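Contents: one structure, followed by commentary.
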Amino acid sequence: MGVIYSDYSRARIGWFFGLSGWQLTTVALTFLPIAWAMQQAAWTSVALFTLLWAFVVLVTVTPVRGRSAVGWVLASLSFAAGGLTGWTRFRSKASTGEVDSLEEPDLPGVLQGVRIHDGPPRGATCTRTAIIQDHRCRTWALTASVIHPGIGLAELDQREQLGAGLGELLDLAARTELIDAVVFLVRTVPEDGAERDQWITRHRRPTGPQVARLVNDELQANLTRASVRTEAFVTIVVPEGRLAREAKESGGGLDGRARVLYSLADEVEAQLRGGMGMTSVAWLTSPELALACRTGFAPGDRAGIVDALAGRATTDSADIRDTTDAASDASQRSPEINAGINADVPWAMAGPSGADPAVRHYSHDAWNSISSTVKLPVRGAAMGALAPALTPTAPGERRSFMVCYPILSASVANRQSATSEWAADIGDELRHRAKVKKRAKANQESETVRRLDAKLARGNSLTRPYAVVTVTVPKTARVSAFGRDLDASVRRAGFAPLRLDLAQDVAFAASSVPLGVSLTRQAD
């Protein structure tokens, strides 16, 4: 049995019978015309105002698929206006022949404000890590490609250690007073067989037995259809308001910000390798990040990029002449770079050539994607329970999963804890005075809120995590059917899916492109 985590509660608890402040204010203000009509003894007006008030209460209090009716109206109007004016439709500059600079990112939607900088040389290899600047949200970020052995065969005590390691990572991020969010992104990509094709080309002998050739070809064809690859990324996000003060002490400008971000990356990397058991943590350079971005929008492009990378690393001519034993030659050849082959993805072409958001899915290039958020179950979540949500159900299908941990500062966490505890006390007292029986769910939420203050006093951090899962399929497939399969996989894992209608483009960017996009951060 895995580790069960259930010590979480809603971000805000309504103190007046579950109503929040703005809901109570709306209900109270709309009741004033009824009180005025009763004072004037205008009973016909009282009846009409009562019907109107009941309608306002219904649309204000009753949530519909995670939003109020007012929220749905505003979102629908904004989406319709964007579609009619063409603001939501994206066509890349490369597709129209208007590219001015290949190093300038050309990305759709919420990614339009992203700029990529090459940081100063870092470490013994003098690697220039890519620094992500988001002008829209005024944030800076670094992304690392990570490898984890998984927890499928881990024992109970090991899972508890990994869960504690995640908590220590979040506490570390809070103690830095700089990191605003830690984002984990995992992509389960269908195997394209590019590496195996190259391995067979290097090791196959022209005079080898025909039977071995047939067996290897059949294995390659069958295993490629049934296999998947896993790509995992970790992104740390730092707001400009916090980073600017520290950057001044490090020289200011881009170099000063890079030095601060590098120090944060070293702290986070130590915890990733230690407490969380990552076997590899590699902070991405600009070309590597562009490749991850491009394959996020177009998973099918990876095979061609891998072939180009292999073609650029050609072999020495002296080794090529000796072809008596291909297997031994492959281990002895000294590679040299063929400058005539461009294997890098320019940032001007790292995004899609075209993208069109729809109400219930997102269309980009030759692919369609559907995203849903994952609601935590009341009974708790077991570590590793979301594995079915990342398992593709058909060939050619890609699953992506993102978990974001926004870190609240100590002052905000203490203020929210005090407010939530006060709201829980007021709500309990109102129920007692009104002789309303307190339900078990409300009792559990109140107890969780009261325990939160003790945890904050012990030095723990407060976060509001959320998760988004996405399925991407070619346009030749019915994306609605794959969306239903995705929801079924989430429910099979013990969670509740909620389709992010009218926000599919933002959800896709957050869950499939490792650039630190957040669903909760407001644009400046």
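The values are calculated or read from the model by the stated rules, or taken from the named source; none is laboratory data. Because the structure is predicted, anything quoted here is derived from the model rather than measured. Counting neighbours? That spans all protein chains shown, and the Cβs are built from the backbone with ideal geometry, glycine included.
At a glance:
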item: Qualifying helices (runs of 4 or more DSSP H) (wholly inside segment 192-256; at least 3 residues being at pLDDT below 75 and hydrophobic (A, V, I, L, M, F, W, C)); result: 194-203, 210-226
item: Qualifying positions in segment 66-90 - at pLDDT below 85 and among the aliphatic types (A, V, I, L, M); result: ALA69, VAL70, VAL73, LEU74, ALA75
item: Matching residues in segment 459-487 - criterion: being in a strand (DSSP E or B) and either closer than 21 Å to ARG187 by Cα or of a type outside the set (Ser, Thr, Tyr) (or both); result: LEU462, TYR466, ALA467, VAL468, VAL469, THR470, VAL471, THR472, VAL473, PRO474
item: Test: residue in segment 262-272 that is under 24 Å from ARG399 (Cβ atoms) and in a helix (DSSP H, G or I); result: yes
item: Residue in segment 413-427 that is farthest from LEU456 (Cα to Cα), counting only those that are exposed (fewer than 15 other Cβ atoms within 10 Å of the Cβ) and touching a helix residue (DSSP H, G or I) at 6+ places or on another chain (Cβ under 9 Å); result: ASP425
item: Matching residues, segment 445-458, being of a type outside the set (A, V, I, L, M), assigned to a helix (DSSP H, G or I) and either over 20 Å from ASP428 (Cα atoms) or touching a residue at least 12 places away in the same chain (Cβ under 8 Å) (or both); result: GLU445, SER446, THR448, ARG450, ARG451, ASP453, LYS455
item: Residues of segment 121-142 satisfying the condition of being exposed (fewer than 14 other Cβ atoms within 10 Å of the Cβ) and out of contact with any strand residue (DSSP E or B) (no Cβ under 7 Å at 6 or more places or on another chain); result: GLY123, ALA124, THR125, CYS126
item: Single residue of SER480, SER417, SER371, SER400 found to be touching an Asp or Glu at 6+ places or on another chain (Cβ under 6 Å) and not aliphatic (A, V, I, L, M); result: SER417
item: Complete set of residues in segment 485-509 that are closer than 12 Å to SER369 by Cα and either without any contact (Cβ under 8 Å) to a residue 24 or more places away in the chain or among the polar types (S, T, N, Q) (or both); result: GLN504
item: Subset tally (residues that are assigned to a strand (DSSP E or B), of a type in the set (Lys, Arg) and at pLDDT 90 or above) for segment 116-140; result: 1
item: Residue under evaluation ALA75, criteria (1) over 30 Å from VAL27 (Cβ atoms); (2) surrounded by 13 or more Cβ atoms within 10 Å (Cβ to Cβ); (3) under 22 Å from the mean Cα position of the chain (by Cα), criterion not met; result: (1)
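Conditions tested, residue by residue: (1) out of contact with any Lys or Arg (no Cβ under 6 Å at 6 or more places or on another chain); (2) at pLDDT 75 or above; (3) of a type outside the set (Ser, Thr, Tyr); (4) over 17 Å from ALA509 (Cβ atoms).
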{"residue": "LEU289", "(1), (2), (3), (4)": "yes, yes, yes, no"}
{"residue": "ALA292", "(1), (2), (3), (4)": "yes, yes, yes, no"}
{"residue": "ARG312", "(1), (2), (3), (4)": "yes, no, yes, yes"}
{"residue": "SER328", "(1), (2), (3), (4)": "yes, no, no, yes"}
{"residue": "ALA343", "(1), (2), (3), (4)": "no, no, yes, yes"}
{"residue": "ALA358", "(1), (2), (3), (4)": "yes, yes, yes, no"}
{"residue": "ALA366", "(1), (2), (3), (4)": "no, yes, yes, yes"}
{"residue": "THR373", "(1), (2), (3), (4)": "yes, yes, no, no"}
